[in-house]
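Novice: Below: one structure in structure tokens.
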Amino acid sequence: MDLNFFKQTRILDGGMGQELLARGMEPKGTLWSANALLQEKYHQLLLDTHLDFINSGAEIIVTTTFTTRRLRLRDNQVEDKFEYLNTKAGEIAKKAKDLNPHILVAGGLPPQYLTYEEDTRPDEEIKENFYEQAKLLNPFVDFFYFDVLSSVKEFKLAIEAIETFNKP
């Protein structure tokens, strides 16, 4: 991947969770867009939404993984679906890219604990959480996208977690 790509302003897709709700997806707990991954009846809606963002000018789409982190899944009693949901998000985003080879897919890595709050858990636990999610997304993405991290510590651990994948 040519890192010069990032030396210009780029257009990313929009807020997937809100858009899916606006298009008729029924919410389930605090899963937001992960609900579209959890229920097969929404897979086409998710793909169509990716495609509509691309058709509207997005050069980059982000995997639908903001709420597929372990803690959020645990809070919604579906942690056993962690691998499936992250893999499915990658597969659907890759399908959108296959139809539009000029775009890039960003592997969305959200805070692994709470949103807008520093993660005070042990460093190794945080790093392992980032690694587990990145490993599942890696086959489908062009680069990783750190989404709403709340501390320098989280950024450092996330960077360490993805180093072995040799992707920006």
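The values are calculated or read from the model by the stated rules, or taken from the named source; none is laboratory data. Every value quoted in this text rests on a predicted model; they were computed, and no experiment measured them. Methodologically, a virtual Cβ is constructed for each residue, glycine included, from the backbone with ideal geometry; neighbour enumeration extends over all protein chains shown. We work out accessible area using only protein heavy atoms, side chains counted, and drop any ligands, DNA or RNA first. Shrake-Rupley method; radii C 1.70, N 1.55, O 1.52, S 1.80 Å.
Novice: Which FRET efficiency value, to the nearest 0.05, is calculated for residue 114 and residue 77 with the Förster distance at 25 angstrom and r the Cβ-Cβ distance?
Specialist: Values: r = 18 Å, r/R0 = 0.71.
Given R0 = 25 Å and the Cβ-Cβ separation, E is 0.90.
Novice: Would you work out the charge dipole size for the chain about its Cα centre, treating the Cβ of every Lys and Arg as +1 and the Cβ of every Asp and Glu as -1, and quote it to the nearest 20 debye?
Specialist: Values: 20 positive and 27 negative charges, 54 e Å.
Dipole of the chain, to the nearest 20 debye: 260 debye.
Novice: Here is a further query. Can you tell me the accessible area per residue over region 87-168, all protein chains present, probe 1.4 angstrom, in square angstrom?
Specialist: Numbers: 3990 Å² over 82 residues.
Accessible surface, normalised per residue, equals 49 Å².
Novice: Tally Lys/Arg at +1 and Asp/Glu at -1 over every other residue whose Cβ is under 15 Å from the Cβ of residue 20; what's the total? Please list the in-between numbers first.
Specialist: On the way: positive: 23, 28, 41, 88; negative: 13, 19, 26, 40, 48, 52.
So the environment of residue 20 carries a net charge of -2.
Novice: Considering only the other residues whose Cβ falls under 15 Å of the Cβ of residue 96, what net charge follows from Lys and Arg at +1 and Asp and Glu at -1?
Specialist: Details: positive: 88, 94, 95, 97; negative: 13, 19, 48, 52, 59, 91, 98, 142.
Net charge around residue 96: -4.
Novice: Now, a different point. What part of the accessible area of region 12-168, given as a whole %, is carbon or sulfur when the probe is 1.4 angstrom?
Specialist: On the way: 3720 of 7420 Å².
Of the solvent-accessible surface of region 12-168, carbon and sulfur hold 50 percent.
Novice: Right, another one. Assuming R0 = 25 Å, can you tell me the calculated FRET efficiency for the pair residue 99 and residue 23, based on Cβ-Cβ distance, to the nearest 0.05? Intermediate results must be reported in sequence, preceding the final value.
Specialist: Values: r = 19 Å, r/R0 = 0.75.
E between residue 99 and residue 23, to the nearest 0.05, is 0.85.
Novice: Peptides 102-110, 13-21: what's the order by average Cβ count within 10 Å, highest mean first? Write down the numbers at each step before the final one.
Specialist: On the way: 102-110: 21.9, 13-21: 17.8.
Going by the mean number of other Cβ atoms within 10 Å, highest first, we get 102-110, 13-21.
Novice: Could you do me a favour and compute the accessible area per residue for region 9-76, 1.4 Å probe, result in Å²? Before the final figure, lay out each step's value.
Specialist: Numbers: 3070 Å² over 68 residues.
I get 45 Å² per residue for this part.
Novice: Right, another one. Using 1/(1 + (r/R0)^6) with R0 = 25 angstrom and r between the beta carbons of residue 153 and residue 2, what's the FRET efficiency to the nearest 0.05? Don't jump to the answer; show the numbers that get you there.
Specialist: Numbers: r = 30 Å, r/R0 = 1.20.
Result of the calculation: an efficiency of 0.25.
Novice: Within 9 Å, Cβ to Cβ, of residue 73, how many net charges do the neighbouring residues add up to if Lys/Arg are +1 and Asp/Glu are -1? Numbers along the way, then the final one.
Specialist: Values: positive: 69, 70, 72, 74, 81; negative: 75, 79, 80.
That works out to +2.
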